[in-house]
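The values are calculated or read from the model by the stated rules, or taken from the named source; none is laboratory data. Since this is a predicted model, take the numbers as computed values, not measurements. Using ideal geometry, Cβ is built from the backbone for each residue, glycine included, and neighbour counts are taken over all protein chains shown.
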Amino acid sequence: MTSITSIVNRCLLILLLAFCSNFTNVYAAKVVVIESYHQGYLWDKQYYQAILDNLTPQHEVSYFEMDTKRIPKNQYAAQADRAWQFIEQQKPQLVILADDNAVNFLHQRLDISQIPVVYLGVNMNPREYQLNEHKLFTGVLERPLLRRSLILIHRLLPKSEHRKILVMFDQSNTSKLTADYISKQQSSMLSDIEVNVVQLNRLEEWQQQVLTAKEQGFTAIVIALYQTVRDEGNRSVDAEQLLKWIAENTPVPNFGFWGFSVSADGNIGGYVLDGYHHGTIAAKMVAKILTGEKPEDIFPVTDDLGTYMFSRQGVEKWQLNLPKEIEKQTLWMD
């Protein structure tokens, strides 16, 4: 009887230890995501879902929205202070800084705090932020897939002697960085494609530019970033409504550089960056650090793996013929 009791007690002890071990490891680490933008923005939604899918339930993940797509620029610093207060309250083992505004406003404080950091969506050269000097920092750089995108547009458009493409940005910090990057890359692009980049802040400017695109000789437009456009009263314009208006009123086909802009009511498509894939790369870096790998031993990477993404409705509207090899790889959005 004593032997049986001893065996039962041992089994119960093993079960108890296993339960306690599992319970204590449910939230092995706290991870805070500081979003430059907001959860309603599809890019944020995509990368954040990838982070959740890769890090939970092993780790506890929370987020703070800086909301810099919608608030005035003179409020960015105050919002960054609120983000820092959130970090101090949460006491995380690691912070994810998403996109340039979060990095710009918080990297120095986090470097001093010695909290490991993984960044994502960074368009600026990391050296401009001195990120290369921060030993506890690593992350994912974001670069529009310009050459591949233009080659694709080149193949889809009707043949003509000269193709002229308009690339449209708002005047956000990310847009300025990306537009500058495009301008520097133009000399290495296709010689028979003329690329004109514009950055516009006001709704009426956007509408005028779109409506007159064909008159100005453009054969296509790329609606790149459009989330910080403001109306005549300096109010933030609903980005999805703006994109829908462009899709309904543009006299030439409208393509995109980012997957979040492709839909039946948005851009036709293109060879685009995918937010979920971007977030997955960052999340895997986080997982390595949380299991003991040093951030300084994980080299920053550039997300250069695009996705062919198209709207069936957009392709049909503009009577575009996708090459068979591209059609087989295409992710259809409707």
Review point. What is the one condition in (1) within 22 Å of Leu331 (Cβ to Cβ); (2) in contact with a helix residue (DSSP H, G or I) (Cβ under 7 Å, 6 or more places away or on another chain); (3) buried (at least 18 other Cβ atoms within 10 Å of the Cβ) that Leu305 does not satisfy?
Key: (3)
Review point. Here is a list of conditions, (1) at pLDDT below 95; (2) surrounded by 14 or more Cβ atoms within 10 Å (Cβ to Cβ); (3) of a type outside the set (Asp, Glu), and Thr250 meets all of them except one; can you say which number that is?
Key: (1)
**Study point:** Residue in the stretch 276-287 that is closer than 30 Å to His59 by Cα, at pLDDT below 95 and hydrophobic (A, V, I, L, M, F, W, C) present
**Key:** no
**Study point:** Residue list for the stretch 154-186, restricted to those being hydrophobic (A, V, I, L, M, F, W, C), under 23 Å from Lys214 (Cα atoms) and not in a loop (DSSP other than H, G, I, E, B)
**Key:** Leu156, Ile165, Leu166, Val167, Met168, Phe169, Ala179, Ile182
Point to revise | Residue among Glu204, Glu161 that is out of contact with any His (no Cβ under 6 Å at 6 or more places or on another chain), at pLDDT 90 or above and among the acidic types (Asp, Glu) | key: Glu204
Check your understanding: Looking at this structure, is Asn173 under 24 Å from Gly275 (Cα atoms), at pLDDT below 95 and outside the structural domain of Ile71 (by TED's automatic domain parsing)?
Key -> yes
**Study point:** Residue in the stretch 260-289 that is farthest from Gln329 (Cα to Cα), counting only those that are touching a residue at least 60 places away in the same chain (Cβ under 8 Å) and surrounded by fewer than 19 Cβ atoms within 10 Å (Cβ to Cβ)
**Key:** Ala287
Review point. How many residues are farther than 17 Å from Asn173 by Cα, touching a strand residue (DSSP E or B) at 6+ places or on another chain (Cβ under 9 Å) and in a helix (DSSP H, G or I) when one looks only at the stretch 118-134?
Key: 1
Review point. Could we say that Ala179 is of a type in the set (Gly, Ala, Ser), crowded, with 16+ Cβ neighbours inside 10 Å, in contact (Cβ under 8 Å) with a residue 12 or more places away in the chain and within 19 Å of Lys164 (Cα to Cα) here?
Key: yes
